Amino acid sequence: MRIRVNPIMCEAHGLCAELFPEWIRLDEWGYPLINPDSVPRHLEEHARRAADACPTLALLLERD
């Protein structure tokens, strides 16, 4: 699984980085910078939680 962000939908709430700091950090304006690697299986639940919590539905989960 990989995480992708839709930059047009993202409004820099930062919730994703709070919920999944192992994979997502924020730039100086609060927009997510996402690790481009595949999310390890043991962290997939964290990725789902971050995507589900996004208020603008800007995080997308993709199967490898």
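The values are calculated or read from the model by the stated rules, or taken from the named source; none is laboratory data. Remember, predicted model here, so these are calculated numbers, not experimental data. Ideal geometry is used to build each Cβ from the backbone, glycine not excepted, and the neighbour counts take in all protein chains shown. For the accessible areas, the whole protein counts, side chains as well, though only heavy atoms, and no ligand, DNA or RNA atoms are used. Shrake-Rupley method; radii C 1.70, N 1.55, O 1.52, S 1.80 Å.
Taking the condition open to solvent by 30 Å² or more (accessible area, probe 1.4 Å), closer than 10 Å to I3 by Cβ and part of a strand (DSSP E or B), does L33 pass? No, not satisfied.
Within this structure, P55 passes the test of being assigned to a loop (DSSP other than H, G, I, E, B), in contact (Cβ under 8 Å) with a residue 40 or more places away in the chain and surrounded by fewer than 16 Cβ atoms within 10 Å (Cβ to Cβ). For the condition in contact (Cβ under 8 Å) with a residue 60 or more places away in the chain, open to solvent by less than 90 Å² (accessible area, probe 1.4 Å) and in a strand (DSSP E or B), L61 qualifies. The single condition from (1) open to solvent by 70 Å² or more (accessible area, probe 1.4 Å); (2) at pLDDT 95 or above; (3) of a type outside the set (S, T, N, Q); (4) in a loop (DSSP other than H, G, I, E, B) that V39 fails is (1).
Cβ-Cβ contacts under 7 Å between residues 6 or more apart (or on different chains), taken from a first residue in the stretch 6-19 that is of a type in the set (S, T, N, Q) to a second residue that is not in a loop (DSSP other than H, G, I, E, B), are listed as N6/L60. Among the residues making up the stretch 7-26, those that are open to solvent by less than 80 Å² (accessible area, probe 1.4 Å) and either closer than 19 Å to D37 by Cβ or in contact with a His (Cβ under 6 Å, 6 or more places away or on another chain) (or both) are C16, A17, L19, F20, W23, I24, L26.
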